[in-house]
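Contents: one structure, followed by commentary.
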Amino acid sequence: MYRYLTLLMFLASSTCFAQSFSDQIASHREKYKADFVTNEHSPLKEGDLKYLRFYSADSNYKVTAKVTLLEGEKAFKMPTYAGTTAEYIRYAKLDFNINGKPTQLTLYKNVALSANPAYKDYLFLPFTDQTNNKETYGGGRYIDLKSGNIANGNIELDFNKAYNPYCAYSDGYRCPIPPEENDLALAIKAGEQKYTGEKKQRN
């Protein structure tokens with residue numbers, strides 16, 4: 001009887017966690033959609049939001065990554081899909097396990113953005129993976145982080161919050177191309193999927 005009750009309590013707590021996590025991701029995505037409507041530079045209007053698609057929330061894609069800060073890095077020009085470049089610095093290496101596989105990504109800091117006090121702690125994580133051109137946008141996806149999120153040499157990395165660059169919806173935007181070192185040899189089935197609406201042309 002004790003084992004049975006323990007099992008029931010474990011299953012109940014697991015279900016509550018799953019529901020709570022799903023609710024958190026659902027709330028995050030509603031805010032993400034709302035930002036398209038309020039941002040004057042957005043490529044999407046309210047009527048376009050029905051074409052946004054996402055993987056179901058999956059806590060297996062929320063991981064803790066070990067952060068190794070990179071010292072003495074020089075700024076480099078990261079190409080964009082518009083043919084321009086933007087200056088970034090390689091900020092840190094992130095090491096983590098995802099679905100049992102050791103994985104590494106590089107975290108970047110935008111030089112121009114970091115000069116603005118309001119965005120000085122913003123960090124940029126672009127990546128490509130094996131879902132690109134199939135289930136997700138071919139140009140890769142992004143995750144936004146902040147240096148303040150780093151605690152005790154670790155940072156929480158949630159691929160459920162991976163999103164498409166504006167270039168997935170419209171031409172004419174300067175979307176950074178994820179560097180080759182952030183090309184993952186695995187499928188990240190989390191976050192935003194391909195946009196199913198018609199791609200626009202920016203005015």
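The values are calculated or read from the model by the stated rules, or taken from the named source; none is laboratory data. What you see is a predicted model, and the numbers here were worked out from it, not measured in a lab. Cβ: placed from backbone, ideal geometry, glycine included. Neighbour counts: every protein chain shown. What goes into the accessible areas is simple: the full protein's heavy atoms, side chains included, and nothing from ligands, DNA or RNA. Shrake-Rupley method; radii C 1.70, N 1.55, O 1.52, S 1.80 Å.
All conditions but one from (1) open to solvent by less than 50 Å² (accessible area, probe 1.4 Å); (2) touching a residue at least 40 places away in the same chain (Cβ under 8 Å) apply to Arg29; the one that does not is (2).
Screening Cys16 on (1) in contact with a helix residue (DSSP H, G or I) (Cβ under 7 Å, 6 or more places away or on another chain); (2) modelled with pLDDT under 95; (3) of a type outside the set (Phe, Trp, Tyr) shows it passes everything except condition (1).
Considering the stretch 91-116, and only residues there that are over 14 Å from Ser147 (Cβ atoms) and in contact with a Ser or Thr (Cβ under 9 Å, 6 or more places away or on another chain), the residue that is most open to solvent (accessible area, probe 1.4 Å) turns out to be Asn97. Each residue in the stretch 160-172 was checked for being open to solvent by 10 Å² or more (accessible area, probe 1.4 Å), modelled with pLDDT of 95 or more and either part of a loop (DSSP other than H, G, I, E, B) or basic (Lys, Arg) (or both), and 1 of them qualify. If you filter the stretch 32-74 down to residues that are in a loop (DSSP other than H, G, I, E, B) and of a type in the set (Asp, Glu), you find that the one that is surrounded by the most Cβ atoms within 10 Å (Cβ to Cβ) is Asp58.
Cβ-Cβ contacts under 8 Å between residues 6 or more apart (or on different chains), taken from a first residue in the stretch 178-203 that is at negative phi to a second residue that is open to solvent by less than 40 Å² (accessible area, probe 1.4 Å) and acidic (Asp, Glu), are listed as Asp183/Asp129; Leu184/Asp129; Leu186/Asp129; Ala187/Asp129; Ile188/Asp129; Gly197/Asp48.
If the condition is being part of a strand (DSSP E or B), in contact (Cβ under 8 Å) with a residue 60 or more places away in the chain and open to solvent by 10 Å² or more (accessible area, probe 1.4 Å), then the stretch 137-157 contributes Asn154, Glu156.
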